[in-house]
1. In Å, what Kirkwood hydrodynamic radius results for the range 41-90 from the alpha-carbon pair distances?
2. What residues of the range 61-87 lie in the reach of a label at residue 110, counting those whose backbone N is under 13 Å from a point 7 Å from the Cα along Cα→Cβ?
3. Run through the range 1-102 and list the GluC sites (Glu not before Pro) located in a DSSP loop whose Cβ has at most 14 other Cβ atoms within 10 Å.
4. Compute, for the range 3-160, the length of the dipole vector about the Cα centre, with Cβ point charges of +1 (Lys, Arg) and -1 (Asp, Glu) only. Units Debye, rounded to 20.
5. Fewest to most neighbouring Cβ within 10 Å: what's the order for 139, 96, 91?
6. If you place +1 on the Cβ of every Lys and Arg, -1 on the Cβ of every Asp and Glu, and leave all else neutral, what size is the dipole of the range 28-108 about its Cα centre, to the nearest 20 Debye?
7. Where does each of 42, 11 land when they are ranked from fewest to most other beta-carbon atoms within 10 angstrom?
8. Please give the contour-minus-distance gain from residue 101 to residue 5: 0.36 nm per residue of separation, less the Cα-Cα distance, rounded to one decimal in nm.
Amino acid sequence: MNKRDATQSIRNWLQSERLEARDVEDQQAHLHMHVKYPPSKRGHLFNVVIPKNRDLILVYSVTRVDEGQQNKMKEYSEANPNEWKKWLHETRLDLTRADLDWVLHVGKNVDEVPGPLQAFNLSRPTWLDGLTQNEFMHTMRRVWLTKLSLIHRIKFLFGTGSGKPGPVDDWNKQKGQKSTRKSPSPSDQPREVDTDETGGFGRDFDPADWA
């Protein structure tokens with residue numbers, strides 16, 4: 001499947017699954033869309049990208065950890081530094097077993113103890129020669145379920161949070177950079193997505209609440 005066919009197929013699949021989507025202006029991508037998944041009021045924002053220089057489609061979702069939960073993590077790491085290191089280690093192992101690519105944004109070390117988990121990015125590539133509707137939709141589902149699992153793990157130990165997104169050191173360094181501008185949705189696409197990829201989660205796990 002070439003990039004043109006893949007682009008049209010993805011649009012058709014998203015429409016058939018009644019998923020809200022809109023195009024994002026991205027000079028480095030043949031296709032970049034924001035998709036709300038799962039198709040419900042509590043859906044989170046997913047990125048679907050076909051890079052210009054790669055023969056693959058990348059599905060990824062970024063989650064920002066609630067400020068209140070980050071504060072609980074700091075307290076926990078100060079009182080139980082070894083247990084906090086173990087929690088991060090086990091989280092990394094579980095993400096690796098999920099057959100996903102992942103990045104954890106962790107706050108800077110204090111006395112050799114890692115800071116709080118500030119954000120995480122989960123992704124999975126599918127090469128175009130293996131792209132099918134089944135593979136694409138199961139990739140969306142796998143990223144979502146792994147994301148939901150980590151959200152529940154954080155909530156179980158560190159509470160529901162304060163409803164305010166916490167700081168992300170890595171992103172603060174890039175504050176001066178221009179944000180990606182979103183282009184209008186083509187008329188044949190589903191309605192506009194109303195979530196934000198920098199949103200956090202807390203009581204209801206809905207990034208739109210804090211966007």
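The numbers here are math on the coordinates, done by the rules we state, and not lab data. All values derive from a computational prediction rather than experimental measurement. As a convention, Cβ positions derive from the backbone with ideal geometry for all residues, glycine included, and neighbour counts pool all protein chains shown.
1. On the way: mean 1/r = 0.0706 Å⁻¹.
One over the average 1/r among Cα pairs gives 14.2 Å for the range 41-90.
2. 70-81
3. Numbers: sites: 17, 20, 25, 67, 75, 78, 83, 90; in loops: 17, 20, 25.
Filter output for the range 1-102: 25.
4. With Lys and Arg at +1 and Asp and Glu at -1, about 380 debye.
5. 96, 91, 139
6. Here the range 28-108 has a charge dipole of around 240 debye.
7. Values: 42 14, 11 19.
Least to most surrounded, the residues fall as 42, 11.
8. On the way: separation 96, 0.36 × 96 = 34.56 nm, distance 2.53 nm.
Length difference between fully extended and current span is 32.0 nm.
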